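The values are calculated or read from the model by the stated rules, or taken from the named source; none is laboratory data. On a predicted model such as this, the values are computed, not experimentally measured, just so you know. Reconstructed Cβ throughout: ideal geometry from the backbone, glycine too, with neighbour counts over all protein chains shown. Just so you know, the surface numbers come from the protein's heavy atoms only, side chains and all, with ligands and any DNA or RNA stripped out. Shrake-Rupley method; radii C 1.70, N 1.55, O 1.52, S 1.80 Å.
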Amino acid sequence: MLKITLFVPLLLLFATALRAETETIKVLGIGNSFTNNAHHFLSKVCESVDGVNAEIGTAFIGGCSLDRHMRHAQEHEADPETGNEYVFRLNWKYMGSHKSLKEILQYTDWDVISIQQVSTKSYKEETFYPYAKQLIDYVRQYCPDAEIVVHETWSHSVNSPRTKRMIDSDAMYEKLHANYAKIAAENGLRVIPVGTAFQNARATEMWDLKPNDFDPENHGLVYPQDKDNLPDMSKSLNKDYMWRETDDGWVVKTDGYHANTAGEYLGALVWFQFLTGVDARKVTYQPDGLSDEQAASLRQIAYETVEAIQPAGCCSAAAKAK
């Protein structure tokens, strides 16, 4: 069963980001590596649908939280030589580093700008205050005409060390979902429900990953003989395990919070339908590494997740694209 919370006034559903098929929607995500995950395939997803034109900007600092975004913004306002910590991408093309958020906000006339919390704080309500509102106000200072939205991030894999050490994956989702919904409601913003799409996917047989007892520190595997003997990750939406070359040779590394190819594709599909109003099932782009069945499943999940809060075609003339 799909899980979603309707947390914005109905009229906001008709706030359109793309006003005509010939226009280009300019989107900026302010965040961290999770923003990168959601944007990795987004430009290619948009390009694969006739009538959809988009510029996707990404302003990110690895592991950056709302309070850190505001700290750098305030530093830069006090001294333009400081707070220049961002990497900037446009349509996944590297545009430079050591940028200030102010510079990126003024780069163009952005139509939609997203904010988010870092995943390790996303389930902690107190970490959103007062920083989310401060960041919203800062964005409005330089982009008064842009629609600000909230990027709902996802919970960690059931096999992530963070899940085993910090908080259960389902409990994490429930808390972060409530926190993002609350911030959105308090500020009259819409939410891009990527975290909910992950949760909905995990409720299906195809993406129902089960916990394992694999110990990445004591596994007995040897590279290259065992390079294909890592735990099965075919049902995961996260980067759970990988081989990595170090000065001491090849070792097994674990993650479990960043999105893998499937998770990145799902995130891009949710962003796509949310931004354009076009049914995600119309997307023809499919990244390498996914089967046709897996890709179709993720397109369906993205469609159903966004459709639950924003019926396809209600917000954009781009929905006319066939």
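At-a-glance table
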| item | result |
| --- | --- |
| Aspartates and glutamates with Cα under 20 Å of Lys102, excluding same-chain neighbours fewer than 8 positions away | Glu55, Asp67, Glu75, Glu77, Asp79, Glu81, Glu85, Asp111, Asp137, Asp145, Glu147 |
| Over 22 Å (Cα to Cα) - which of Lys44/Lys282; Lys175/Lys253; Lys182/Lys235; Lys121/Lys175 fall in this group | Lys175/Lys253; Lys182/Lys235 |
| Distance between modelled label sites at Thr24 and Ala171, nm, 7 Å Cα→Cβ extension | 4.7 nm |
| Taking the chain and dividing mean pair separation by its residue count, relative contact order in percent (alpha carbons under 8 Å, at least six apart) | 23 percent |
| Qualifying GluC sites (Glu not before Pro) for region 171-275 [loop in DSSP, other Cβ within 10 Å: at most 14] | Glu205, Glu217 |
| Projected label distance in nm at Ala308 and Ala296, using a 7 Å step from Cα toward the beta-carbon | 2.3 nm |
| Whole-number accessible area per residue in Å² for the chain, which is evaluated in the context of all protein chains at 1.4 Å | 43 Å² |
| Residues Thr261 and Ala78, FRET efficiency given R0 of 41 Å [Cβ-Cβ distance, rounded to 0.05] | 0.50 |
| Anisotropy class of region 154-207 from Cα gyration tensor, a/c 1.5 cut | oblate |
| Chain lengthening between Glu217 and Ser48 when straightened (0.36 nm per residue, less Cα-Cα) | 56.6 nm |
| Anisotropy class of region 202-316 from Cα gyration tensor, a/c 1.5 cut | prolate |
| Carbon plus sulfur fraction of accessible area for the chain, probe 1.4 Å, in percent | 48 percent |
| Principal-axis tilt of helix 131-142 within the chain, Cα atoms, nearest 10 degrees | 50 degrees |
| Label assignment, Rg and Dmax of the Cα atoms in Å derived from the structure, set (1) 26.4, 81; (2) 19.4, 59; (3) 22.1, 94 | (2) |
| The chain - mean residue ellipticity at 222 nm from DSSP helices (-39,500 (n - 2.57) per run, n ≥ 4, rounded to 500) | -10500 deg cm²/dmol |
| Cleavage-rule hits, trypsin sites (Lys or Arg not before Pro), region 227-293, DSSP coil, Cβ neighbours within 10 Å at most 14 | Lys227 |
| With Cα atoms, 0 to 90° folded angle of helix 292-307 axis to the chain main axis | 40 degrees |
| Additional length obtainable on full extension of the chain from Arg68 to Ser97, 0.36 nm per residue less Cα span | 8.8 nm |
